[in-house]
Amino acid sequence: MTAAAHRPATLEDVARVAGVSRSTASRVIAGTGFASPTAREQVTAAVDQLGYVPNTAARALVRGGGGVRLVVAALGTSAAVLDDPYVHRVVGSAARVCTPAGVGVALHWLPLGEPRGLDQLAGDRTVCGVILINTTEDLLDAVPRSLHGRVASIGIGSATVPSFDVDNAAGSDAVLRHLYATGRRRIAMVTGPQWLPCAQRPVETYRRLMRQAGLPERVLLGDFTAARGRSAADEALRRWPDVDAIYGISDDTALGVIAGLRDAGVRVPGDVAVAGFDDIPLAAMTAPALTTASHPVGQIAVAAATALLDGRPAARVTLFPSDLVARASA
């Protein structure tokens, strides 16, 4: 008999499978107090069978810390992902939850294409939980069994890794409908990285809406950066001189688009409307102020961190709403 697949194994599960009392199982796992050699063997076998991991967050509360930490693990093509302001917002928001619990927060880079990068964290007894950022299917498949119940994703999830994410499909839908309602009919889109699954939802939304309206699809590959937004603006003008709106699925990209259009002598929004996604603080301070959609990064990170610290099963998918923020750029 094993623990239910939908939840992590508990100390009670270990005691039941081992055929010992809860207190005996606790002593063996903690390495304190007396237990017979037979009981130790039985408990050890049950721990291995169930993939049981002690609740290190709870232990930190009892012992006053002891170096226990929650790790924010960001997947990226290079270590530059560690400098991403979005990643910093996740870390800061997680710290708001973890600090009162006596749990630290650490940032860890997972190189793209090396799915076994989580093994190191899984074997670290001071890691009470892991929040994945920029999650891919390969990364989810590579999550060690010993991390189940201690890992959450900001992005796509799986049957064993709960997902906390923004509804960027709905947010993109609101932005694109706003562009259409203001008379734009030749709308180009600058995407996010192709390898990132959650960045494909806005692209699917864009293609669906363009088909429904009988409008041309004009998609440019992006990477969430302002530099790519700037070059994408030049590319859009060369490929489609009649373009009258550009939607970048990150505010950084959209701000780069505005800079690129300005370089070309194109007026925003007079000639080309521009919209983004995220509603970063800078979006309201630019000239013109950027039309965008909200992205409650802080709320999402707090929810993911809280679920891990509580140690309770979370819903498989928790989506946070994204709303249109209309400003002067579109």
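The values are calculated or read from the model by the stated rules, or taken from the named source; none is laboratory data. Keep in mind it's a predicted model, so treat the numbers as computed, not measured. All Cβ positions, even for glycine, are placed from backbone atoms using ideal geometry, and neighbour counts span all protein chains on display.
Just a few scattered comments:
- Inter-residue pairs, beta-carbon under 7 Å, first modelled with pLDDT of 95 or more and in segment 153-182, second of a type in the set (Asp, Glu) and in a strand (DSSP E or B), 6+ apart: 154/165; 155/165
- Residue 324 vs. criteria touching a helix residue (DSSP H, G or I) at 6+ places or on another chain (Cβ under 6 Å) and farther than 28 Å from residue 133 by Cβ: no
- Tally, over segment 171-182, of residues that are over 19 Å from residue 134 (Cα atoms) and either under 21 Å from the mean Cα position of the chain (by Cα) or of a type in the set (Val, Ile, Thr) (or both): 3
- Residues within segment 261-283 that are of a type in the set (Val, Ile, Thr) and free of Cβ contacts under 8 Å to residues at least 12 places away in the same chain, tallied: 0
- Residues that are under 25 Å from residue 183 (Cα atoms) and either among the β-branched types (Val, Ile, Thr) or surrounded by 23 or more Cβ atoms within 10 Å (Cβ to Cβ) (or both) within segment 284-330 comprise 286, 290, 291, 292, 293, 322, 325, 329, 330, listed in sequence order.
- Of the criteria (1) buried (at least 19 other Cβ atoms within 10 Å of the Cβ); (2) of a type outside the set (Phe, Trp, Tyr); (3) at pLDDT 95 or above, which one residue 221 fails: (1)
- Among the residues of segment 131-169, not one is among the aliphatic types (A, V, I, L, M), surrounded by fewer than 18 Cβ atoms within 10 Å (Cβ to Cβ) and part of a helix (DSSP H, G or I).
- Taking the listed residues 314, 304, the one that is closer than 30 Å to residue 102 by Cβ, not in a helix (DSSP H, G or I) and not assigned by TED's automatic domain parsing to the domain that holds residue 188 is 314, with no other qualifying.
- Residue satisfying all of: in segment 126-146; in contact with a Ser or Thr (Cβ under 9 Å, 6 or more places away or on another chain) and of a type in the set (A, V, I, L, M, F, W, C); nearest to residue 309 (Cα to Cα) among these: 128
- The residues in segment 270-320 that are closer than 30 Å to residue 257 by Cβ and among the β-branched types (Val, Ile, Thr) can be counted, and the count is 8.
- Qualifying residues in segment 120-130 (those that are β-branched (Val, Ile, Thr) and more than 16 Å from the chain's Cα centre (by Cα)) - the one surrounded by the fewest Cβ atoms within 10 Å (Cβ to Cβ): 126
- Subset tally (residues that are in a loop (DSSP other than H, G, I, E, B) and in contact (Cβ under 8 Å) with a residue 40 or more places away in the chain) for segment 225-246: 4
- Residue in segment 277-297 that is under 30 Å from residue 147 (Cα atoms) and in contact with a Gly (Cβ under 8 Å, 6 or more places away or on another chain) present: yes
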